[in-house]
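The values are calculated or read from the model by the stated rules, or taken from the named source; none is laboratory data. As the structure is a prediction and not an experimental result, all values here were calculated from the model. With ideal geometry, Cβ positions are generated from the backbone for all residues, glycine too; neighbour counts draw on all protein chains shown. Please note that ligands, DNA and RNA were not included when accessible areas were found on the heavy atoms of the full protein model with its side chains. Shrake-Rupley method; radii C 1.70, N 1.55, O 1.52, S 1.80 Å.
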Amino acid sequence: MAGKFLKRGAIIDVIKSQERTNALQKRAGLSDRAVRFTTCGCPDPDCGGWHTILEDRILPTDAESAAILKVDNGARKPSKPHRRTKAPRTAL
């Protein structure tokens, strides 16, 4: 990355990389595969990184996602720790 925040050229590079990856996914029929973004550490201010199609990781379908969410929402969650109340201040 170019610095603490991405410069204009790096942002454009990232967006174009995403568009190219989406086009490759559609052409290859890999729309059900996950995509990962990798940041670049080079000193070029116009380089942000690239997208990689993860062919070994299949995304769940809409029906499978709904079933996973239903099971997760129905599971009992651990209780959150309670905040300790502060003792009221007394005037000295």
Hey, if you put +1 on the Cβ of every Lys and Arg and -1 on every Asp and Glu Cβ in the chain, which of P43, I68, S31 ends up farthest toward the positive end of that dipole?
I68
Using only the alpha-carbon atoms, how far is helix 62-74 inclined from the longest principal axis of the chain? Give it as 0 to 90 degrees, nearest 10.
10 degrees
In a shell of Cβ-Cβ distance under 11 Å around R33, excluding R33 itself, what net charge do Lys and Arg (+1) and Asp and Glu (-1) give?
-1
Per residue accessible area of the chain, 1.4 Å probe, in Å²
90 Å²
Note, ³J(HN,Hα) from phi for region 11-25, Karplus 6.51, -1.76, 1.60, rounded to Hz, x at Gly and Pro:
5, 4, 4, 5, 5, 5, 4, 5, 5, 5, 5, 4, 5, 4, 4
How much accessible surface does D62 have with a 1.4 Å probe, in Å² rounded to 10?
140 Å²
If amide H atoms are modeled at 1.01 Å from N in the peptide plane, then the residues at a separation of 5 or more from A34, or on another chain, having amide H under 5 Å from its own are L54, R57, L59
Under a point-charge model restricted to the Cβ atoms of Lys and Arg (+1) and Asp and Glu (-1), what is the dipole moment magnitude of the chain relative to its Cα centre, in debye to the nearest 20?
920 debye
Candidate lysines for bridging to K26, where Cα separation is under 20 Å - those fewer than 8 sequence places away on the same chain excluded:
K16
Value of [θ]222 nm, deg cm²/dmol, for the chain, DSSP H segments ≥ 4, -39500 (n - 2.57) each, nearest 500
-12500 deg cm²/dmol
